[in-house]
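Below is one structure; the comments refer to it alone.
No lab work stands behind these numbers, since they all come straight from the coordinates. Treat the numbers as computed from the prediction; the structure is a model and nothing was measured. Methodologically, a virtual Cβ is constructed for each residue, glycine included, from the backbone with ideal geometry; neighbour enumeration extends over all protein chains shown.
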Amino acid sequence: MKSYCTKHTASNNKWALNNFQEWFVQRKTSLPKYESRQPLELLLTDEPSELSHILSMYVKETRKVDGSEYTPKTLYLLLAGLQRQIRLNKGRASSINIFSDPLLDSFYNVCDHEFQRLRLVGIGAKVSHIEPLSKDDENSLWESKVLCLSTPNGLLNCVFIYNGKNLCLRGGDEHCQLKFSQLRREVLTVDGVSKSLYIYTEHGSKNRSGGFGELHVQNKVVRHFEVPEAGDRSYVKILDLYLSKVPKEAIEKDNFYVRPVTVVGEGKPWFSSVPVGKNKLATMVKTMCSKAGLQGNKTNHSLRSFGVSSLFQENVPEKIIQERSGHRSVSALRMYEKTTSKQLIEASRVLSCIPSQSIDDLPEPSDGKPDSPRSSDVKPEPDNMLEQSDPKNNMFRGSTFSNCTFQLK
């Protein structure tokens, strides 16, 4: 039976095997022992010592097209792809685990040494991450009318942005596979007040694929309550409007993102029942940012990071953030928790022995304005005129005495 893997994983597997084959073709002339062998045949060998030897050489010698060395993380991804190729071809039970089999200890030691060497010379020290959207970016999208509730395209953009932010969806498949049936509207009574909310239930994801080993893992469920004071940015309001503008046949087809109509008739739906194409969905955030004039490397996945970072910066408990993001480990969650410049400034102040102050009171790092006086620089007003006129009256301020005899003159 053929093993299932996602499109992205299958692509990585193919990339890893091609890289290994290209290296082997260039190298095999100097390896008479392996000259008559095929690359995949070597990977599927039943001799651990042979596999250890060939993989050790591969890790030390494989290079990019321009001749530069791969980062440790990229080498690991290549090896992980080769491991999956071994498993796909030999089956899980009979395949060797190149990362944990004790018979491949020498290969593991080579990898460990190579990764340390690369890191010491700065290869892989700089990590490039997708930039999260910021609150300023969100404001710019509204100010430029890229986000608005008065046009079909503007409403579709709003739904996409706030699905990604509030549900912490991943950039690709989770948007493409989103269905109307995954969102359910309810009204609950909280402290005697009726509150509307939408409940999102995840059907499957990278962290919860639903395989045999994950039968005990529950689906991610997000409950998002109405926030009337948020105005047009209220997620419940945006979803209510979108559902009211979508035709019934689109909801029955159960594809969440549908195409806006070009001409809106009075009292007519704003959207057709035709799903938005995968290619268009894949570049939604990039297109929106371009229209709003926003700079930086921002993609659909930036919304997931934006949602997590927004909660983190407001000191929301990690348990609640983890429930919304769907991360199964706190360490994975913290990779999405982006610190702000204000937080870093405050950390620098503390380490410079400057009294801490509220994060909200800190000046913006790039406003170009002179800093306002710190509270520690402002002298307090004296409690009375006597203290102001005679500093000797303050000599015992803050002191305590016990079993003492005073002689006053």
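In whole Å, how far is the Cα centre of the range 1-57 from that of the range 293-353? When both Cα centres are located, 39 Å separates them. Counting other Cβ atoms within 10 Å as a rough exposure proxy, the listed residues Tyr198, Tyr76 run Tyr76, Tyr198 from fewest neighbours to most.
Sorted from longest to shortest, the spans of the Cα atoms of the range 209-301 along the three principal axes equal 52, 38, 34 Å. In this label model, Lys73 and Cys353 are separated by 3.8 nm, measuring between points 7 Å along each Cα→Cβ vector.
Checking the Cα-Cα distances for Lys14/Lys179; Lys165/Lys237; Lys7/Lys237; Lys64/Lys165; Lys7/Lys291 against a 26 Å cut-off, the pairs over it are Lys14/Lys179; Lys7/Lys237; Lys64/Lys165; Lys7/Lys291. Normalised by the number of residues in the range 135-334, the average gap of Cα pairs under 8 Å and 6 or more apart makes the relative contact order 27 percent. Ordering of 135-145, 299-309 by packing is 299-309, 135-145, highest average first (other Cβ atoms within 10 Å, averaged per residue).
Please state the shape class of the range 7-120: rounded when a/c is under 1.5, otherwise prolate if a/b exceeds b/c and oblate if not, all from the C-alpha gyration tensor. Here the range 7-120 falls in the rounded category. Descending by average beta-carbon neighbour count within 10 Å, the peptides 264-273, 231-240 line up as 231-240, 264-273, the highest first. Put in order of Cβ neighbour count within 10 Å, fewest first, the listed residues Met57, Met288 become Met57, Met288. Peptides 322-335, 34-47 ranked from most to least packed, by the mean per-residue count of other Cβ atoms within 10 Å: 322-335, 34-47.
Restricting the calculation to Cα atoms, the range 135-334 yields a radius of gyration followed by a Dmax of 16.9, 53 Å.
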